[in-house]
Structures are given as C-alpha cells and as structure tokens.
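Below: the structure, in structure tokens.
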Amino acid sequence: MMTVDTMQLLSRCQQGDSLAIEALVRSYTPLVYRLALSILDDPAEADEAAQDALVAALSKLDSFRGQAKFTTWLYTITLNVCRGRLRKRHAQARLVGVLQSLFRFFDPIEPPPEQTTLRQEQDAALWQAINALDDHRREAVILRYYHELTLPEIGQVLGVSERTIRTWLHTAHEQMRRMLEP
Amino acid sequence: MSSTKVEHTLSHEQACYYLHLGQDQLAATEQVELDSHLANCPDCRRYAGEVAALQTRLAEAMRLYYKTYQPSPDINRQVQARLRRKIRSRQLWRLTNSVMAAAVLLILVVALGWLAWRIRPLPNTPVANITLTAPVPAADDWSALPGLAIFGDQVGPLLTGTPPPRPSPAPTATPNPIPASCPVTLPNGNTPPGEQPSPTYHGNGLLWTALWPDGLVLIPPQMVQPDGTLSMKWGWWRGVNGPLTITGRRLDAPASPLDAVIPDGYGDTGFQAGGLIFPTEGCWEVTGQVGDSTLTFVTWVVKTSGN
C-alpha cells in the first residue's frame, strides 16, 4: 500500500522530526489544497482548510494503520475538515438569508466577480450542472474527474461502498446530462 | 462463446450504467459484457460517445478552473507553527494534569493520615519507660510485695514502667451501658510532669492518674478475687510530697467502702503504683489524697467475660 519512503517519512514525523514534517507538508500540500478548493470553491478558505487538515493529520498520525493508501487517508481527513466548514458556511448563509428577509438591505450573496467571469468563460452551464448536484454526488464527481480516484478509493474516502459510488456517479451523470441538453 | 452469452443478458439500462462508471473502472467481465453489447447496439454506442464527451468535459473544466489557484507559499510555515503550539499546549496540559494529580494525592495522603491519627486505637500496653523519681525495686519483686499478690501478673507491667494509658475494651467484653445516673469522669488530658502526653491522663496540677476510656472499668475474670471483690491496678503521680491514700464509695447502691493497696518504695513524690479493690460492680467515686491535695473521679465498674 505504501512505499518505503512514505513509511519512513511518516515514522520520522511521528517521532517529531521537524525536517520530516516539513517534507511531508511540502509533498502533500498541493493535493490537500486542491481537494479543499474543489469542495469549498473558495481559495482563501481552502488555504485554511488545508492547514487544518495537515495539522489534524500530523496530530493523529499514530491512528494511521497503513491499511489504505496514505493519500486516501489524507483525503478522508481533508474532506471531513471541508464538510465541517461547509456546514458552518450553510448555517451562516441561512442566518444571512433570514436577516435579508427581515431587513432587505443586505446585498445578495454572489460569488466574487472574477470567479463568475472565469466560469462564464469556461463553461457556465457545466458548472451550474455540477453545483446543482447534492453534496455526496458532487464530491464523488470531483474525486473521480478532478482528483482521478478509482471507485474503490472514492468509496474509502467518502465512507460508503463501491456500489453506492457507482449509483451516485450514474445518477449524477444522468442529472448533468439532462441539464446540459440543448 | 461467453461473449455471445452475455450479449443477450446485458440490457440497455445496464450498458448505460456501465458507461457512466468509465470504462477503466469496470471489472474484466463487465468490460466484456459492455463491449459485446456496444458492438451490436448503435444507440448505446452513440450514448457512449455522449457520456465520454461529458466525462472529458468535466475533467477538463475542473482542471482548468482549479489550476488557477495555488496554495499559499506560507502554508508550510503556518502548519509548523500550529503544530508547535499544539505540542506546547499538550505538554502544558499534561504538566498541569500531573501537578493537579500530585496535589490531589498529597491532600488525600494528608487527609488519610490525619484521619488515621484521629481514630487510632489507644495503646493497650505501656509504650515507654517511665522516669521514676524514687528508687523502686526490680520488676520481678513487685508481686511479692505485701498486699499486691492479689494482682498477680497484672502488677508487673504497671510497676515496670510507664505511663499507663488505659486499655481499650476487650473484644469479648460485654459491658453494661453506663446509666445516666452515674456521672463518670472523663480524662481531662492533664499530663503528669515528665510523661508523654496522652488523652487518658487526668489530673489537677498536684495529683494525676490515668482513667479508663469512657469512664468504664472492665474487670477480667482473673481479677475477680475468691471473695468476689474486683481488683484493678491503678497508677498515680504525686506533685506534692507525702504518702498517697485512696478512699472510695459506691454512689448508686449501698456497698462496703473501696479498699486499696499502696506499696511502699516509691518515695515521697512522683509515680506511685497502686491497686483498687472494688467490693462490687457499679458506680464508684474514688479519691486519692496526698496531704491536703485530693483528686477525685467517678467510674463505672463492670465484670467482663473475656480477658
């Protein structure tokens, strides 16, 4: 499951070797950040979430049994961190929605202009279809097509069976295809 | 052979389902089934093209969009700093816990020690050598002194030494409860000069004695004399010069007066061994006197069945 180098690196991190920790953080930051960004869709928050996930992973390295790939384990931690942030964000959005309906003077929440423009340039309809998926299916699609995880790996990260992942991907495709039909 | 067989078993819906998973994610048998179906189904081939296009579009769109952003270059330093803080706070937490545990343990030990000291049993036997102010005969000789033979083995320990803190009641004793009408004297803790403090001492600055716990004198069977009288060793200390005399009377019923044995040889002052002879059980008032000084106490006397 793991290379000897990774095992040695993890072992040194567990012993508190600061050079090893630095090496591990440097190696896995892009991966963790990309996942956080793809789930949270906010670069600044993805940065914080990546830090949270790396600190959490390094703090409980002793609970990593080596039964799965280290990256799969790291994905799981990152995803949990992101889900926590999404829950908080949804709660804040609900609160703002309530306040807006009460006072009517807040600006509606919209993504930053540059982000909107970029998406419009790329494929607004496709992103609309992706964002219309529920959280589980969107996570499965992102893990499959952006992070290129296999179906069993996606199942491990999301904590469900491979059969469930197959069903989620199938229904996600169907839904997106219908939305993208001219 | 087998591909022909599966060709008939895979439906269009199943073929669509497989297509959505991506061909590289199928098991070998599933791939064979799908290929066989596609070879003979133009609609599914067209659908496969749509799905593949969607998958490619998805992957490309995500890759293009997300590659715009990069993690902060500072992230490594920030993670290291947060880890250091976490380790420090964990160490501090452990240290605090250890200190608190040690403090709790110390308090517990002190509390238990104090409790043990408070409820400790009174010693049954002499615990230290007494400093006698007058020359006394050897211990072996005391039982031979006139009038003390009746005390038998009980005399030795009394006269060899020592402040006589009174014994605790024997486990086999079945003492009668002391009636409220008997105003027994409890020791006031006044310690004779030169002795180790003990709560069994009772005195008035001129004369001292040691009293039994709770004012209850337990007479074991071997101290019951053939004539039915009850004898008990008794120690006194004199702060004034002169011979000790002991008198006593029963308070709760008519009875002969108390008798006492006071051996010679203890000098004019300091410790004086003696023995009290109670004619009966009951409530007794005992008075020791040296010159004009007296010390009186009241005690309840009862026979026991054990030693």
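Values of log10 I(q)/I(0) for segment B:172-262 across q = 0.10 Å⁻¹ run -0.32, by the Debye formula with one identical scatterer at each alpha carbon and no solvent.
Multiplying the residue separation of A:Thr167 and A:Ser63 by 0.36 nm and removing their Cα-Cα distance gives an extension gain of 34.4 nm.
Label separation (B:Ile178 vs A:Asp134): 8.4 nm, computed from points 7 Å beyond Cα along the C-beta direction. Note on segment B:196-307: semi-axes of the ellipsoid equivalent to its C-alpha gyration tensor, largest first and rounded to whole Å, are 23, 15, 14.
With N denoting the number of residues in segment A:1-88, provide Rg(C-alpha) divided by 2.2 N^0.38 Å, to two decimal places. Present the calculation step by step, with values, prior to reporting the outcome.
Numbers: Rg = 12.8 Å, N = 88, 2.2 N^0.38 = 12.1 Å.
Cα-based Rg divided by the globular estimate yields 1.06.
Sorting A:Ile154, B:Ile219 by the number of Cβ atoms found within 10 Å of their own Cβ, with the fewest placed first, yields B:Ile219, A:Ile154.
Give me the percent of Cα-Cα pairs in segment B:1-115 that sit more than 23 Å apart, rounded to a whole number. Don't jump to the answer; show the numbers that get you there.
Numbers: 4186 of 6555 pairs.
The answer is 64 percent, as a whole percent.
Along its three principal directions, the equivalent ellipsoid of segment A:135-180 from the Cα gyration tensor extends over semi-axes of 18, 11, 8 Å, largest first.
Quick note: the coordinates plus some simple rules give every number you see, no bench work behind them. Note that the structure is predicted; figures quoted are calculated from it, not measured. Cβ coordinates were reconstructed from backbone atoms using ideal geometry, including for glycine residues, and neighbour counts include every protein chain displayed.
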